[in-house]
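Everything on this sheet refers to the single structure shown next.
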Amino acid sequence: MSTARKIRPLVAGNWKMNGLKAGLGEACKVRDALKAGGGSAGAEADVMICPPATLVAALAQDAVGSRLLVGGQDCHAKASGANTGDIAAEMLADAGATAVIVGHSERRMDHGELDAEIRAKAEAAHRAGLIAIICVGETAGERAIGLTLQVVGRQLAGAVPKGATAANTVVAYEPVWAIGTGLTPTAADVAQVHQFMREALSKQLGSEANSMRLLYGGSVKASNAKELMGVANVDGALVGGASLKADDFCGILAAYCK
Ligand code: PGA
């Protein structure tokens, strides 16, 4: 679809449960590379790092006045309450985040999160003025028996709220088997799923879906970024391991240089 190429891409790094204060230096190197502009700095994309919650406020402070955006990795559906250990979307916003990942497969697996809860978290993100980065993706077993599109379709229908717009929502396709494994789907497989997502979201949300960013995630690195980011309907990347080191992350951002 030609409209997809007009979408400003987003490359978001997900640090997962990695990073102490001392590690913020890597994020600051990314910030400085963006400031310098051009070069390998991905001038054609929005760039975000989602550090652990303990570092959101400090990174947001470090990023003031720069192009580097800061996001959270999860939020609770409620704005406040007796929920020990949880973090409200409002708290992430207060700390300086502008987005939050919801429904990552590690949350789905480790915490038993289902689509209805993920939708409630996305709605919480919207309520707090954050962009919800909603993750979907099939397991290896589901792909093996041909259920990929069915699973992704069910997750989109269940997890993407009615109020989702191109401005407040990003969808990330992350095949579970590609996360942290070094494996990636072929460009043709990615194209098929992203085309399917664009069409499914159009049915759910109407024309908003035309300009909604659809990220690919799962073992994105500098060596495959250009090919994966060049696939139709891929509007950026969600990057795990390769976002921890500034050089690796900037190598991915280079896919978005003129
Ligand atoms: P990975 O993780 O890049 O390390 O495969 C991606 C993700 O889980 O978002």
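The table below gives the values:
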| quantity | calculated |
| --- | --- |
| For His76, distant residues with modelled amide H under 5 Å away | Ile87, Ala88, Ala89 |
| Modelled FRET efficiency - R0 51 Å, Lys35 with Gln150, Cβ distances, 0.05 increments | 0.70 |
| At 0.890 mPa s and 25 °C, Stokes diffusion of region 168-208 via Kirkwood alpha-carbon radius, µm² per second | 212 |
| Neighbour net charge for Lys245 - beta-carbon separation under 12 angstrom, K R +1, D E -1 | -1 |
| Span-like helix ranges in the chain, DSSP H, alpha carbon extent 24 angstrom or more, Kyte mean at least -0.5 | 187-205 |
| For region 55-131, Kirkwood radius (reciprocal of mean inverse C-alpha pair distance, Å) | 12.7 |
| P(r) weight above 34 Å for the chain, C-alpha pairs, percent | 9 |
| The chain, accessible area per residue, ligands and nucleic acids excluded (1.4 Å, Å²) | 42 |
| Gain on full stretching of the segment that runs from Thr84 to Arg8 - 0.36 nm per residue minus C-alpha separation | 23.6 nm |
| From phi via Karplus (6.51, -1.76, 1.60), per-residue ³J(HN,Hα) for region 93-104 in Hz, x at Gly/Pro | 4, 4, 7, x, 6, 10, 7, 8, 6, 10, x, 4 |
| Accessible-area ranking of Tyr173, Tyr256, largest first, probe 1.4 Å | Tyr256, Tyr173 |
| Filter on Lys6/Lys226; Lys162/Lys221; Lys35/Lys245; Lys162/Lys226; Lys16/Lys221; Lys121/Lys203 - keep pairs with C-alpha separation over 24 Å | Lys162/Lys221; Lys162/Lys226 |
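The values are calculated or read from the model by the stated rules, or taken from the named source; none is laboratory data. Note that the structure is predicted; figures quoted are calculated from it, not measured. Ideal geometry is used to build each Cβ from the backbone, glycine not excepted, and the neighbour counts take in all protein chains shown. Side chains are part of the model used for accessible areas, which takes the heavy atoms of the whole protein and leaves out ligands, DNA and RNA. Shrake-Rupley method; radii C 1.70, N 1.55, O 1.52, S 1.80 Å.
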